[in-house]
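Written out below as structure tokens is the structure these notes cover.
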Amino acid sequence: MSESLTPSSSAPEPDTPPTTLAGRLALYQRAGGIATPVATALLAFAISGLVVLATGHNPILAYRDIIKGAGLDWLLHPWRTDTAETAPYNLSQTLLQTTTLILTGLAVAFAFRCGLFNIGGQGQYFMGLFCASWVGVSFSGMARPAHILLGVGLAALAGALWAAIAGFLKAAVGAHEVITTIMLNWIAYWIGNYLFQQGGPLQGKANKPLDIPISGDVAHSAKLPVFWGDPDLQGLHIGFFVAIAMLFVFWAILNRTTLGFEVRAVGYNPDAAAYGGIKVRTNYVRAMAISGAFAGLAGGLDMLGYLYHFGVSDVQASSIGFLGIAVALLGRNTAVGVGLAALLFAALLFGTTHGLQSNVIDPSLAGHLTELIQGLVVLFVGADLLILSIWRARGRIRRRATVEEPVK
């Protein structure tokens, strides 16, 4: 048995075919290669460009302004690092969003590698954020390194425990994780409304007399150090390097540990994995907990990195966890892919809100262009799976016809 559980850099492929969607996705992705996600993104941008064109505006100018708004034009003159200039500042804000999207994308990707759909990244993100807010405000007397580590660590733990609920229900009674994670999202949503509402446990003391449903600011000792930009203007904090490190952790767990081997084996074919002695139910709980830890860490880094306070209106407006689904799908649930997809969607998020001018694109469309591209990416990811399935079925039919053709 020990031999069968030896970590390997390649996905476990028993003789039996994949029985989960995650396993079939991994198989089809290898068939499509890198060309498939690239084509998916280009097609999404092309159709979005047609929508911009239909409004009477130039899509080329619109995408040019998105690039500038995201600060990607900084690459043309990287020696300018002063965020008082537009390009460096915009890029720092794009990388700030990239940090969060990497982690919420990993939250979806890790679970998917175990054959699970973690739609609860938003709720897990919230739980990490709520926990970090409580730690940041309540332990103001702590030394800075310890305060930061406590806040970030408990945020990741909160996300892990929240996601483990769905994993436990899947393992114990077979409850589908899509349903349970969606329900947990709503529970986290209403918990946030309760915590920050007037008279809520986390409403700031100074805000109570003013009837402002917002938490207190986290203590200075809990704020993450900023290495690029002005801390008072949402500078880029060290959480960016934490997110990059998590990409390596994600890859290492899946490809260099027995746990990762088991996760991938269960995701490929749980029946074959169970036959080989792997505890399928245990891995469901583990995979969801690790996924939730990524999302909870994202919430903790955001709270301690640049948000510093949160309110009822912020809970209602936040959707960063859901964008992680598109990041993971476009990134093909791989470390490198998730990192690149996170950068792409972060550039769209910040570029569409800060780079587009009213004479370049319809203002009513500018704020929703990212959502449009996100939806198209999800649609085309499903479409390319369908196309690859049809193509493989076509090949099998041809081979069967050749074998069964009577000899003349």
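For the range 221-266, taking the residues that are among the small types (Gly, Ala, Ser) and either out of contact with any Leu (no Cβ under 8 Å at 6 or more places or on another chain) or not in a helix (DSSP H, G or I) (or both), the one that is surrounded by the most Cβ atoms within 10 Å (Cβ to Cβ) is identified as ALA265.
Residues in the range 305-329 that are closer than 19 Å to LYS205 by Cα and among the small types (Gly, Ala, Ser): 2 in all. Which condition number in (1) modelled with pLDDT under 85; (2) in a helix (DSSP H, G or I); (3) open to solvent by 40 Å² or more (accessible area, probe 1.4 Å); (4) farther than 30 Å from ARG113 by Cβ is the one that VAL38 fails? For VAL38, the exception is condition (4).
If you go through the range 296-306 one residue at a time, do you hit one that is out of contact with any strand residue (DSSP E or B) (no Cβ under 7 Å at 6 or more places or on another chain), more than 27 Å from ASN185 (Cα to Cα) and either modelled with pLDDT of 90 or more or not in a helix (DSSP H, G or I) (or both)? Taking every residue of the range 296-306 in turn, none turns out to be out of contact with any strand residue (DSSP E or B) (no Cβ under 7 Å at 6 or more places or on another chain), more than 27 Å from ASN185 (Cα to Cα) and either modelled with pLDDT of 90 or more or not in a helix (DSSP H, G or I) (or both). Being among the aliphatic types (A, V, I, L, M), within 20 Å of LEU116 (Cα to Cα), open to solvent by 40 Å² or more (accessible area, probe 1.4 Å) and modelled with pLDDT of 75 or more holds for only one residue in LEU330, LEU379, LEU349, LEU386, and it is LEU379. Looking at the range 150-161, can you tell me whether even one residue there is in contact with a strand residue (DSSP E or B) (Cβ under 7 Å, 6 or more places away or on another chain) and surrounded by 22 or more Cβ atoms within 10 Å (Cβ to Cβ)? No, the range 150-161 contains no residue that is in contact with a strand residue (DSSP E or B) (Cβ under 7 Å, 6 or more places away or on another chain) and surrounded by 22 or more Cβ atoms within 10 Å (Cβ to Cβ). Against the condition closer than 28 Å to LEU72 by Cβ, open to solvent by 30 Å² or more (accessible area, probe 1.4 Å), charged (D, E, K, R) and at pLDDT below 90, how does ASP314 come out, does it pass? No; evaluated as a whole, the condition is false for this residue. Could you tell me whether any residue of the range 256-275 is touching a Phe, Trp or Tyr at 6+ places or on another chain (Cβ under 6 Å) and not charged (D, E, K, R)? No, that holds for no residue. Residue check: ALA274 meets all listed conditions (1) open to solvent by 40 Å² or more (accessible area, probe 1.4 Å); (2) in contact (Cβ under 8 Å) with a residue 24 or more places away in the chain; (3) of a type in the set (A, V, I, L, M, F, W, C) but one, namely (2).
Within the range 65-92, residues that are touching a residue at least 40 places away in the same chain (Cβ under 8 Å) and farther than 17 Å from LEU236 by Cα sit with their Cβ atoms under 9 Å from residues that are open to solvent by less than 60 Å² (accessible area, probe 1.4 Å) and part of a loop (DSSP other than H, G, I, E, B), at 6+ positions apart or across chains, in these pairs: ASP65/GLY355; ASP65/LEU356; ASP65/VAL360; ASP65/ILE361; ILE66/GLY355; ILE66/LEU356; ILE67/GLY355; LYS68/GLY355.
So in the range 52-84, with the set limited to residues that are buried (at least 19 other Cβ atoms within 10 Å of the Cβ) and among the β-branched types (Val, Ile, Thr), which one is modelled with the lowest pLDDT? Looking at the filtered set, the residue picked out is THR83.
For the range 286-306, the criterion of being touching a Pro at 6+ places or on another chain (Cβ under 7 Å), open to solvent by 10 Å² or more (accessible area, probe 1.4 Å) and either aromatic (Phe, Trp, Tyr) or in contact (Cβ under 8 Å) with a residue 60 or more places away in the chain (or both) is met by no residue. Scanning the range 267-295 for residues that are in a helix (DSSP H, G or I), basic (Lys, Arg) and at pLDDT below 95 yields a single hit, ARG281.
The values are calculated or read from the model by the stated rules, or taken from the named source; none is laboratory data. Small disclaimer: the values here were computed from a predicted structure and weren't measured. A quick note on method: Cβ atoms are made from the backbone with ideal geometry, for glycine too, and the neighbour counts reach across all protein chains shown. Please note that ligands, DNA and RNA were not included when accessible areas were found on the heavy atoms of the full protein model with its side chains. Shrake-Rupley method; radii C 1.70, N 1.55, O 1.52, S 1.80 Å.
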